[in-house]
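Below: one structure in structure tokens.
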Protein chains: 2
Amino acid sequence: MTLHTLSTTRSHGGTQGVCTHQSSVTGTEMTFSVFVPDHEHGARLPVVWYLSGLTCTHANVTEKGEYRKACAELGLIFVAPDTSPRGEDVADDPDGAYDFGLGAGFYVDATEEPYAKHYKMWSYITEELPGVIAEQFPIDMARQSIMGHSMGGHGALTIGLTYPDRFKAVSAFAPIVAPSQVPWGEKALGGYLGPDKSAWRKHDAVALIEDGARLPALLVDQGEADDFLTEQLKPSLLKSACERAGIDLTLRMQAGYDHSYYFISSFMEDHLRWHAARLG
Amino acid sequence: MTLHTLSTTRSHGGTQGVCTHQSSVTGTEMTFSVFVPDHEHGARLPVVWYLSGLTCTHANVTEKGEYRKACAELGLIFVAPDTSPRGEDVADDPDGAYDFGLGAGFYVDATEEPYAKHYKMWSYITEELPGVIAEQFPIDMARQSIMGHSMGGHGALTIGLTYPDRFKAVSAFAPIVAPSQVPWGEKALGGYLGPDKSAWRKHDAVALIEDGARLPALLVDQGEADDFLTEQLKPSLLKSACERAGIDLTLRMQAGYDHSYYFISSFMEDHLRWHAARLG
């Protein structure tokens, strides 16, 4: 596996990298960013996975997420993958909509054509990229955690719930908690996985919990001025599911905050400290 | 004076605003950003002016500067103006170069045509915008400070040296310290002010110090991996001038850091704390 380093930039007492590699899972070149704090020679650091939301690439959180200072202090490697395969032969939304296709992989392995060829973000994030990361960076793969925003919050929750032994901490900013029940998710899961809703349940955090998935704890921040709150995000569904399942959910409704990186960056440090405490 | 608010967004326990107004000085609509921390009703807060570098608008530092957390903690209003007039009838560099014209006002009042009509950034920043800010935001105008990056570091140094009683603190990231002696500055000062170099001296920090301008202290961070260090920035010229003048310059050469916001954001908090200590 050949990794191409597009850039490395010193920042906050560490190195911000941007890399590409040819993915055998998506069949495309994939880009991700990785921040590595300064560390002693031979040390292995825990890693925080950050999954981004609709329309984003690796670059949004890398530029606006304000995670580097806390990661440097806490000794956390921070990995931010892209949100979909990209390239000329990668099928997009037929109407070019922002909420499906390019920039909107929804962290599933598509089974429906024409998306099944490249849209394999579940396998990319859970299988291939961890191998790349483990090989190339000084990471202790026994200490991983995962977080994400919006569609990426959905990804973090579903991946975290599916691999509770792999991730020591799971948190989200304004996640899509029940995609099967909201327009964004109905479109995406229907488009990628087809009309049989039974196939959707393992890609729906609330359904996963209903079906028995468990985590010791979850941290979720949600802006109360988020335009997508009532139609697409519905954190109350996660709250109810966690209450029924005995999952220790800390759901913080943040007055006045919207869906943007102005919101995410405000609470990024809190999340990283919460992760660090669980990563040991 | 009518101020139009383009956006207000809650972030880090304050409000990030972006505003426009019709400038009578530049004859154009001007955009700036302003972060106002939460504060007690009736309180007046100190203000930090941030002047941006070549190619930037207000947006670069607003998105990537990582200043909001520290400003909220320290109770500092943070104002980031644009770097030039803009509009269809605003003359640009004849070749569309990045280092003159649009995005490159160099914080001077142009006297040369066709730039003299709109390029009045010195008067805009030192006269008109302070009036707008004072009228519209809860600022204690007796407590102002100024900082900037690259071309904006040049602006902060020259404005700070010209108005030592107005600004309680002056600092810079990778400033152009002696524009009369480097290609960026020779092109810009020549283009805006004409060939008579005596007119350049009040827009050259090193020349201002040589001509008697004084400040109690200066803080400058400079990345050692900055591609512009040896040809355009030349901090040693500032160091020598400050030594001769008895100005207490703290010049920190930062190993490995470049000219980007990855550098600026790494040391922004240090600068804001340095400013806050002097703003009282």
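The values are calculated or read from the model by the stated rules, or taken from the named source; none is laboratory data. The shown structure was predicted, so the numbers you read here are calculated from the model rather than taken from an experiment. Glycine also receives a Cβ, built like all others from the backbone with ideal geometry; neighbour counts cover every protein chain displayed. Side chains are part of the model used for accessible areas, which takes the heavy atoms of the whole protein and leaves out ligands, DNA and RNA. Shrake-Rupley method; radii C 1.70, N 1.55, O 1.52, S 1.80 Å.
Do you know the relative contact order of segment A:85-164, to the nearest whole percent, from alpha carbon pairs under 8 angstrom that are 6+ apart?
Averaging sequence separation for qualifying contacts and normalising by length gives 22 percent for segment A:85-164.
Three principal axis extents, largest first, for the C-alpha atoms of the protein assembly as shown, in Å?
Extents along the principal axes, in whole Å: 77, 50, 44.
May I pose another question? Sort out for me the Cα centre separation of segment B:138-191 from segment B:27-95, rounded to whole Å.
14 Å
Mind checking the mean number of beta-carbon atoms from other chains within 10 Å of the Cβ atoms in B:5-11?
Other-chain Cβ atoms within 10 Å of each residue's Cβ, averaged: 5.
Rank these residues by their accessible area, most exposed first, probe 1.4 Å: A:Phe137, A:Phe100.
These residues rank, largest area first, as A:Phe137, A:Phe100.
To the nearest 500 deg cm²/dmol, what mean residue ellipticity at 222 nm is calculated for chain B from DSSP H runs of n ≥ 4 alone, each contributing -39,500 (n - 2.57), summed and divided by the residues?
Taking each H run of at least 4 residues, the total per residue is -8500 deg cm²/dmol.
What share of the DSSP beta bridges in chain B is antiparallel, in percent to the nearest 5?
Approximately 50 percent, going by the DSSP bridge assignments.
Given contacts defined as C-alpha pairs under 8 Å and at least six residues apart, what's the relative contact order of segment A:3-279, whole-number percent?
Working: 624 pairs, mean separation 47.7, N = 277.
Computed value for segment A:3-279: 17 percent relative contact order.
Regarding segment A:3-279, what whole-number volume in Å³ per residue does the convex hull of its Cα atoms give? Don't skip to the answer; put the middle values down first.
Values: hull volume 31.2 nm³, N = 277.
Hull volume normalised by residue count: 113 Å³.
Now, a different point. Excluding B:Gly105 itself, what net charge comes from residues whose Cβ is under 14 Å from its Cβ, given Lys and Arg +1 and Asp and Glu -1?
Neighbour charge sum, excluding B:Gly105 itself: -3.
Taking square-rooted eigenvalues a ≥ b ≥ c of the alpha carbon gyration tensor, is segment B:26-169 rounded, prolate or oblate, where a/c under 1.5 means rounded and, failing that, a/b exceeding b/c means prolate?
In terms of gyration-tensor shape, prolate.
Next up: Just to check, using Stokes-Einstein with a Kirkwood Rh over alpha carbon pairs, what's the diffusion coefficient of segment B:138-280 at 20 °C and 1.002 mPa s in µm²/s?
Using the Kirkwood radius from Cα pairs, D works out to 141 µm²/s.
Using a probe of 1.4 angstrom, how much of the accessible area of the protein assembly as shown is carbon and sulfur, in percent?
Carbon plus sulfur share of accessible area: 48 percent.
Of A:Lys120/A:Lys202; B:Lys64/B:Lys202; B:Lys120/B:Lys187; A:Lys69/A:Lys239, which sit over 20 Å apart, Cα to Cα?
Among A:Lys120/A:Lys202; B:Lys64/B:Lys202; B:Lys120/B:Lys187; A:Lys69/A:Lys239, the Cα-Cα distance tops 20 Å for B:Lys64/B:Lys202; A:Lys69/A:Lys239.
Now for a different question. For segment B:3-279, with every protein chain kept in place, what is the accessible area per residue (1.4 Å probe, Å²)?
36 Å²
Taking a ≥ b ≥ c as the square roots of the Cα gyration tensor eigenvalues, with a/c under 1.5 meaning rounded and otherwise prolate when a/b beats b/c, else oblate, which class fits segment B:21-91?
Oblate shape, in that a/c is at least 1.5 and b/c is the bigger or equal ratio.
Would you mind telling me the antiparallel percentage of the DSSP bridges in the protein assembly as shown, rounded to 5?
Just about 50 percent of them are antiparallel.
Continuing with this model, one more query. Across the residues of B:68-77, average count of Cβ atoms on other protein chains within 10 Å?
1
Please compute how much accessible surface disappears when A pairs with B, both sides summed, using a 1.4 Å probe, and round it to the nearest 100 Å².
When A and B are taken together, about 1900 Å² of accessible area is lost.
Work out which residues of segment A:257-280 lose at minimum 50 square angstrom of accessible surface when the other protein chains are put back, relative to the chain isolated, with a 1.4 angstrom probe, and list them by number.
Residues meeting the cut-off: A:Tyr257, A:Tyr262.
Segment A:175-278: which trypsin sites (Lys or Arg not before Pro) are DSSP loop and have at most 13 other beta-carbon atoms within 10 angstrom? List each step's numbers first, then the result.
Values: sites: A:Lys187, A:Lys197, A:Arg201, A:Lys202, A:Arg214, A:Lys239, A:Arg244, A:Arg252, A:Arg273, A:Arg278; in loops: A:Arg214.
Here the trypsin sites (Lys or Arg not before Pro) that fit, given the DSSP loop and packing criteria, are A:Arg214.
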